[in-house]
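One structure is given here, and the rest of the page talks about it.
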Amino acid sequence: MEIGNLIRMANRIGQFFEAMPLRPEAVEGVANHIHKFWEPRMRNELLDFLARQPDGDAGEQQLHPLVLEAVTQNRERLTPLARVP
């Protein structure tokens, strides 16, 4: 999937959880949603993008600050487990 599409999807999640009154709950909500509902390939692409661009800036698009914080803080949890043959 193209990184621009992933950023748009992630930013919509960030905008939704931004309305929560407590920042830690919003950060957890974003991480939890991505963990539960994004397939491993999508999570890998987002994590790989952030490894290359730690500020979340893709040029014309940038990750919502809440998403950047959530993914950065929960990188290990969001990293899909390797399949064992």
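The values are calculated or read from the model by the stated rules, or taken from the named source; none is laboratory data. Since this is a predicted model, take the numbers as computed values, not measurements. Counting neighbours? That spans all protein chains shown, and the Cβs are built from the backbone with ideal geometry, glycine included. Only protein heavy atoms, including side chains, enter the accessible area calculation; ligands, DNA and RNA are left aside. Shrake-Rupley method; radii C 1.70, N 1.55, O 1.52, S 1.80 Å.
Scanning the stretch 21-38 for residues that are of a type in the set (Phe, Trp, Tyr) and either in contact (Cβ under 8 Å) with a residue 60 or more places away in the chain or surrounded by fewer than 14 Cβ atoms within 10 Å (Cβ to Cβ) (or both) returns a single hit, PHE37. Quick one: would you say ALA10 is open to solvent by 70 Å² or more (accessible area, probe 1.4 Å), of a type in the set (Gly, Ala, Ser) and modelled with pLDDT of 95 or more? The answer is no for ALA10.
Condition (residue is outside any helix (DSSP H, G or I), in contact (Cβ under 8 Å) with a residue 24 or more places away in the chain and over 16 Å from LEU68 (Cβ atoms)) applied to the stretch 1-20: is it met by at least one residue?
Yes, the stretch 1-20 contains a residue that is outside any helix (DSSP H, G or I), in contact (Cβ under 8 Å) with a residue 24 or more places away in the chain and over 16 Å from LEU68 (Cβ atoms).
Only one of the numbered conditions (1) under 18 Å from ILE13 (Cα atoms); (2) out of contact with any helix residue (DSSP H, G or I) (no Cβ under 7 Å at 6 or more places or on another chain); (3) without any contact (Cβ under 8 Å) to a residue 40 or more places away in the chain is not met by ASP48, and that is (1). The criterion of at least 1 residues that are charged (D, E, K, R) and surrounded by fewer than 16 Cβ atoms within 10 Å (Cβ to Cβ) is met by the following helices (runs of 4 or more DSSP H) wholly inside the stretch 39-85: 40-52, 75-78.
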